[in-house]
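Notes follow once the structure below has been shown.
Nothing in this text is a laboratory measurement; each read-out follows from the coordinates by a stated rule. Since this is a predicted model, take the numbers as computed values, not measurements.
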Amino acid sequence: MRAWWPQTRTATALGGPACVRTLRGRMYARRAPVAILRFLASVSLVSGVLLVLDVGATLLWQEPVSAAVAGGRQAGLGQELDTALRKGAPPGRSRAPARGNAGWRLDAPGLGRSLVVVEGTDEASLRRGPGHYPDTPLPGGGGTVGIAGHRTTWGAPFRRIDRLHKGDVVTLTGPEGRYRYAVEGSRIVSPRAVEVVRPVGYERVVLTACHPLYSAAQRFVVFARRVPDGPRGS
């Protein structure tokens, strides 16, 4: 017996081309959010792994991204200082370098490496290396020379400041000469203890850094008294 409805209507009702297109559209609509969620999950996973690696590197060594940036800056400052050392200082030089510029090379056995000290302790200057307190005398100028440095970021120049012990020699070398200081001791003080860089009647250098590691609650301070030194190159 012949059906009375048209074939096209049967095809549409039972799953013809129009229905197939509709089903495909629905399947795509369902799959799209799933794909987006999978992508976001992958991004989150990778970000989480990178974050864990960054934290691990910071705890075991130092913050890696800022370390790389600071390392490049220290290399450039080293070249700048080497040029100044070759030229030497004009007679009677007493002016500090410009803010953020290289001033002296700092060597101390406990720190584990040679560092270029810049002028200034503002945030920008300390991102380049340990910084000379502008309100304290220059090396060789008498009084207390103050130098601050980071312990966990921006190259962590003073990470090992607590490894400086009594009798260790801290050397500052600049265009005007070389200055040697023997460590007398260390103290942990409040960040407000500005008296640690005041004059004491003899020449010394004071190194300061945040304490404990990963905290700025206190300051670790090393005191070193000047000992006989020689001219640059001796």
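Of note:
- For region 136-157 versus region 169-186, the inter-centroid distance based on Cα atoms is 11 Å.
- Per-residue HN-Hα couplings for region 155-170 [Karplus 6.51, -1.76, 1.60; θ = phi - 60°; Hz; x = Gly/Pro]: x, 6, x, 10, 4, 9, 4, 6, 9, 7, 10, 4, x, 4, 9, 9
- Region 62-227: C-alpha gyration tensor shape, a/c 1.5 cut-off, then a/b vs b/c: oblate
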